[in-house]
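Worksheet for the structure shown next.
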Amino acid sequence: MKRITTYFGGVKALIIYALAGFLALSCANRGSGPQGGPKDVAPPVAVSSKPENGAINYRKQTIEINFNEIVLLEKAFEKVVVSPPQAKSAIVKAYGKKVAVELLDSLQPDRTYIIDFADAIVDNNEKNPLKDYYFAFSTGDHIDSLMVGGTVIDAHTLNPTGGIVVGLHSNQADSALTTQPFDYITKTDDEGRFWIKGIAEGSYKVFALGDMNSNYRYDKGETMAFLDSVITPTLDLTEERDTIWRDSTTIDTIVTHTHPKYTAGIVLRSFTDDFKRASFIKAERTEPYKMVLYFNAPNDSMPRIEPLNFAIDSACLQHANATRDTLVYWLADTLLWQQDTLSYTLTYQKTDSTDQLAWQTDTLHTVYRAKKSANKKKNDDKQTVKKEFLKLQTNASGTFDLYNPVTLSFDVPTTRDTTKQIVVEQQADTLWRSVPATLVGTDTFGLAYRIDYAWEPEKRYRITIDSAAFAGINGLHTNKQEIALNIKSLESYATFYLIMKHLQGNEIVELLDKDEKVIRTAPAEAETVFRYLNPGDYFLRLFIDTNGNGKWDTGNYIDKLQPEEMFYFQYKITMRAFWDIEETWDYRTLPITQQKPKELIKNNKKKN
């Protein structure tokens, strides 16, 4: 990329003259008074403590730390972490130049304790934070000094997961995470980074936990992450040599520095499993022909209804939404519409106290209360009723995309009257000629249809729908309707060619907009092509479709399933009209913590 530098003749001299004049005026203005010194940007400094930081054989439950200036605590409950974890939260307060900590739990023998303040300690004047400050002491005769570091990211978006608990378990049984608190803990910062300090020698399992109830154990439904392998923290000393030169050609001294190297670089991919406690929420009947049952979790097995004061025949349609947590019963029998209360037993699955699904039966009475008609209007002092038609929604608009089918959708199930015409025509000069478009139902209830036709660029079309072409279960039919379409030109689109490297065969590519909404999806191929793209900025990501179901799946700790791997192309892709853009991507070249474009990164902060 070329950098273009522009120089305006004479500007440099003018700036110098202006600065000289300003300085002369400033020196002459003796009465302006004191202007103050430089802004304080230095954080507080710990000058002493009781006990000393790093003390051994200390068994009291109070710590006092003195600073060189007045200090405050910001979000201490959220930021200050005590490791090993405490069943009762420590009391942390600031008094003038002092911070006091009171541990309410009894201390364990021969344990190193870390009080990690993160950046909670700030000075009183400018709120300069003392970053990464921690206090250590031991109830035994030595300080455990091993450390483990890494990053927690959201498995689906690769955003940093801030404010999440990261912990170690020396007990490597699978049940330890759900039955015992961690041995050591810390919290991630806003960029998802963490360091667990004061660790004893041994082998550990590593977890991250959105610990909503602060019990330092995993409960179903909580955000979590786990490392498949067991780690053994180590400390290595590395030497680094600095050369001090006497002059440009002569070495004066070579100084050797020794640096500790801890276990680091761990990446945890956080996720929330699909578990939800199943229960029934409510039933409602907003229309005489429609009854809706709401649940707070998807139904693996469909609930059963046994009518008590009415009968359900084959004309009753049962429809579940995509997430199977809302069930709609469409009542085609018009006699039922006149019945204001429907009584029935509902048998459904509910999560019991052991987190298992069990069948439960409730008796329900669902009432319909008729609404006042809004279709009456006053006309010459007489009440007239405006004819009501079945509402039809469509995605068709004046300017229409070349690759799109036209969709027709309804709020209620419908039937199609094949004796009524639906005609698609293309304009040729001033004449209209019929084209062989096809109407396809996209569900079994008549809620949605699709008009398939290979639209031609820069052509005008119209779709004419006869009156009563569709009839709804509510007794209404559609009015006559005409839809106009102007198809975009080929020159208004861009084409994106993605050359993929080292594919394993089960990758799926997603094209995203700036809000990370999925615009297009395609199986990854050596050359993956996205045609007919509107101009704008796009982003790419890819996931490994391990189970071959065509969608990204989250993890499950109980079944030891990690979430499916997700990768991001690191650059924004700007598409312009009538342009062909080509990019090459080897999605495993960069570590996943460095892949996501900066424009998309958001902090997924977990509040405990």
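The values are calculated or read from the model by the stated rules, or taken from the named source; none is laboratory data. All values reported here derive from a predicted model rather than from experimental measurement. Neighbour counts run over all protein chains shown; Cβ positions are idealised from the backbone, glycine included. For the accessible areas, the whole protein counts, side chains as well, though only heavy atoms, and no ligand, DNA or RNA atoms are used. Shrake-Rupley method; radii C 1.70, N 1.55, O 1.52, S 1.80 Å.
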For the chain, the percent of accessible surface on carbon and sulfur atoms (probe 1.4 angstrom, ligands and nucleic acids excluded) is 50
Put +1 on the Cβ of each Lys and Arg and -1 on the Cβ of each Asp and Glu in region 77-172; which of 115, 96, 157 then has its Cα farthest toward the positive end of the dipole?
-> 96
Quotient of Cα Rg and 2.2 N^0.38 Å for region 439-572, N being how many residues it contains | 1.47
Give, in nm to one decimal, the length gained when the segment between residue 467 and residue 294 is fully stretched (0.36 nm per residue of separation minus the Cα-Cα distance).
-> 58.8 nm
How much FRET efficiency would the formula 1/(1 + (r/R0)^6) give for residue 497 and residue 53, where r is the Cβ-Cβ distance and R0 is 56 Å, rounded to 0.05?
-> 0.40
For the chain, diffusion coefficient by Stokes-Einstein and Kirkwood Rh (Cα), 20 °C, 1.002 mPa s, µm²/s | 68
Calculate one ³J(HN,Hα) per residue across region 174-189 by plugging θ = phi - 60° into the Karplus curve 6.51 cos²θ - 1.76 cosθ + 1.60, and present them in order as whole Hz with x for glycine and proline.
-> 4, 6, 4, 5, 9, 10, 10, x, 5, 6, 9, 9, 7, 10, 6, 7
Placing +1 at every Lys and Arg Cβ and -1 at every Asp and Glu Cβ, with all other atoms neutral, what dipole size does the chain have around its Cα centre, in debye to the nearest 20?
-> 2200
Which pairs in the list 488/572; 79/560; 88/187; 60/187; 79/197; 131/197 are over 19 Å apart, alpha-carbon to alpha-carbon?
-> 488/572; 79/560; 60/187
Given charges of +1 on the Cβ of Lys and Arg and -1 on the Cβ of Asp and Glu, with all other atoms neutral, how large is the dipole of region 505-608 about its Cα centre, in debye to the nearest 20?
-> 700
For residue 425 and residue 594, extending 7 Å from Cα along the Cα-Cβ vector and measuring point to point gives, in nm, a value of 6.3
Run the numbers on the chain and let me know its relative contact order in percent, using alpha-carbon pairs under 8 Å that are six or more apart.
-> 9
If one computes the Cα centroid of region 182-246 and of region 332-370, what distance in Å separates the two points?
-> 49
Relative contact order of region 148-237, defined on C-alpha pairs under 8 angstrom at six or more residues apart (%) = 30
Only helical DSSP H runs with n ≥ 4 go in: add -39500 (n - 2.57) per run for the chain, normalise by residue count and round the 222 nm mean residue ellipticity to 500 deg cm²/dmol.
-> -1500 deg cm²/dmol
Quick one: if you stick a label point 7 Å off each Cα along the C-beta vector at residue 458 and residue 442, how many nm between them?
-> 3.0
May I have the pair-distance distribution P(r) for region 171-328, computed from all Cα-Cα distances with 10 Å bins from 0 and rounded to whole percent?
-> 8, 23, 18, 14, 14, 10, 6, 4, 3, 1, 0
Quotient of Cα Rg and 2.2 N^0.38 Å for region 426-490, N being how many residues it contains | 1.33
Taking amide H positions as placed in the peptide plane 1.01 Å from N, state which residues far from residue 187 in sequence (5 or more) or on other chains have amide H under 5 Å from it.
-> 166
For the chain, accessible area per residue (1.4 Å probe, heavy atoms of protein chains only), Å² | 57
Residue separation between residue 578 and residue 418 times 0.36 nm, minus their alpha-carbon distance, gives in nm 53.4 nm
Return the aspartates and glutamates within reach of residue 93: Cα separation strictly under 16 angstrom, same-chain partners fewer than 8 residues apart disregarded; answer none if there are no such residues.
-> 64, 69, 74, 78, 102, 116, 119, 123
If you average the sequence gap of Cα pairs under 8 Å that are 6 or more apart and divide by the length of region 422-485, what percent do you get for the contact order?
-> 29
Using only Cα atoms, find the angle between the long axis of helix 11-28 and the longest principal axis of the chain, and express it within 0 to 90 degrees, rounded to the nearest 10.
-> 60
What nm value, rounded to one decimal, do you get for the distance between residue 335 and residue 309 when each label is placed 7 Å out toward the C-beta?
-> 1.6
What are the extents of the Cα atoms of region 545-608 along their three principal axes, listed from largest to smallest and rounded to whole Å?
-> 50, 33, 23
Convex hull of region 242-320 built on C-alpha atoms - directionally averaged projected area, nm² = 14.3
Can you list the residues of region 472-512 with backbone N under 12 Å from a point 7 Å past the Cα of residue 529, pointing along Cα to Cβ?
-> 495-498
Sites residue 513 and residue 212 - FRET efficiency at Förster radius 30 Å, r taken between beta-carbons, to 0.05 = 0.40
Taking a ≥ b ≥ c as the square roots of the Cα gyration tensor eigenvalues, with a/c under 1.5 meaning rounded and otherwise prolate when a/b beats b/c or oblate if not, region 393-441 comes out oblate
Linear extension gain, residue 172 paired with residue 72, 0.36 nm per residue minus alpha-carbon span | 32.0 nm
Which listed residue (453, 469, 442) has the Cα farthest towards the positive end of the charge dipole for region 442-482, taking +1 on Lys and Arg C-beta and -1 on Asp and Glu C-beta about the Cα centre?
-> 469
